[in-house]
Amino acid sequence: MMDSESGSSHKRQKTAERDLDCSNASRGVWLVKVPKYISSLWEKSQPLSEAGRLKITRNGGKTDITFSLSDDMLKNTDGSVKTDLPKEHRFVISNIAHQTLAVFGYENEENGNDSKPGKLVLGGHVLQKGECRPLADKRYMDLKRDMILKASQPERQVKQLSKAVTSFKPISDHKHNIEYEQKKKAEGRKARDDKDKVMDMLFAAFEKHQYYNIKDLEKITKQPVPYLKEILKEICNYNAKNPHKSTWELKPEYRHYKASEAAE
């Protein structure tokens with residue numbers, strides 16, 4: 001019998017897990033797709049580092065939005081500034097008049113040194129959806145060129161050695177080849193059981209399932225495949241078409257063999 005107090009406590013806990021914090025429902029956010037190199041910089045940066053700065057200008061009825069990566073993002077470990085990544089970008093805004101988008105997340109619950117995801121939180125509703133694109137300047141062109149050259153290089157290359165490599169010892173055969181040959185020889189030496197015994201194993205298997213492929217029947221009977229196929233051709237039909245392609249099933253006269261034996 002469950003204690004009423006513990007039962008209500010458990011119920012409150014389950015209800016709290018399903019609760020959604022909507023305190024930020026009126027908060028407007030932007031959903032922006034950024035290049036991979038920017039997301040990598042942000043993941044490696046310090047929590048309070050400046051990501052970059054937005055500049056919004058209006059030219060008549062048109063709005064131009066530019067984004068500039070901060071110097072903190074472009075700094076190397078030695079303090080020098082990266083010159084191989086684009087710094088200036090522009091935002092291309094999409095129309096979301098017929099979409100309703102929102103941001104959700106979890107509040108981390110601190111438990112000593114560990115943190116686990118807590119209550120589900122509504123972060124806000126999406127006001128603008130856009131894409132951050134780098135300007136087609138020299139930095140971006142150099143970056144694309146390096147990416148294309150890197151992708152075109154083969155993973156394996158032939159190199160000329162000035163002297164013999166002594167750390168590598170050649171072998172006459174590889175391990176997986178040896179195991180395959182041993183398995184093949186073991187299967188070739190399988191002893192043929194009595195035909196009636198094999199048929200009993202097949203009938204018992206087909207009582208559980210209607211369709212089997214040859215590999216499953218080979219594992220069940222532990223018989224050589226050529227010998228097993230000879231017996232299957234006598235009592236089974238082979239399905240060469242869908243939906244049960246490449247499987248065997250009992251012939252109609254054998255499908256209810258137990259009932260037939262009882263009648264006889």
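The values are calculated or read from the model by the stated rules, or taken from the named source; none is laboratory data. Quantities reported herein were computed from a predicted structural model and do not represent experimental measurements. With ideal geometry, Cβ positions are generated from the backbone for all residues, glycine too; neighbour counts draw on all protein chains shown. For the accessible areas, the whole protein counts, side chains as well, though only heavy atoms, and no ligand, DNA or RNA atoms are used. Shrake-Rupley method; radii C 1.70, N 1.55, O 1.52, S 1.80 Å.
If you go through the range 117-139 one residue at a time, do you hit one that is modelled with pLDDT under 80, outside any strand (DSSP E or B) and open to solvent by less than 90 Å² (accessible area, probe 1.4 Å)?
Step one: list which residues in the range 117-139 are modelled with pLDDT under 80, which gives 117-118.
After this cut, where a residue has to be outside any strand (DSSP E or B) as well, the list is none.
No, the range 117-139 contains no residue that is modelled with pLDDT under 80, outside any strand (DSSP E or B) and open to solvent by less than 90 Å² (accessible area, probe 1.4 Å).
Out of Asp78, Asp84, I need the residue that is at pLDDT 80 or above and either among the charged types (D, E, K, R) or assigned to a strand (DSSP E or B) (or both). Which one?
Values: Asp78 fails: at pLDDT 80 or above.
The match here is Asp84.
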(request) Would you please list the contacts, defined by Cβ atoms under 8 Å and residues six or more apart or on different chains, that run from a residue in the range 143-167 that is within 30 Å of Glu88 (Cβ to Cβ) to a residue that is part of a loop (DSSP other than H, G, I, E, B) and modelled with pLDDT of 85 or more? (result) Leu143/Leu85; Leu143/Pro86
(message) Being under 14 Å from Ile38 (Cα atoms) and under 28 Å from the mean Cα position of the chain (by Cα) is the filter here; which residues of the range 121-140 pass it?
(response) Glu131, Cys132, Arg133
(request) Could you tell me which numbered condition Ser49 fails, if it satisfies all but one of (1) open to solvent by less than 90 Å² (accessible area, probe 1.4 Å); (2) of a type outside the set (D, E, K, R); (3) under 22 Å from Ala136 (Cβ atoms); (4) in a loop (DSSP other than H, G, I, E, B)? (result) (3)
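Every residue, every condition in (1) more than 14 Å from Tyr254 (Cβ to Cβ); (2) open to solvent by less than 50 Å² (accessible area, probe 1.4 Å); (3) touching a residue at least 60 places away in the same chain (Cβ under 8 Å), yes or no:
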{"residue": "Ile171", "(1), (2), (3)": "yes, no, no"}
{"residue": "Phe203", "(1), (2), (3)": "no, yes, no"}
{"residue": "Glu207", "(1), (2), (3)": "no, no, no"}
{"residue": "Leu232", "(1), (2), (3)": "no, yes, no"}
{"residue": "Ala240", "(1), (2), (3)": "yes, no, no"}
(request) Taking Tyr180 as the residue in question, decide whether it is in a strand (DSSP E or B) and either open to solvent by 100 Å² or more (accessible area, probe 1.4 Å) or touching a residue at least 40 places away in the same chain (Cβ under 8 Å) (or both). (result) no
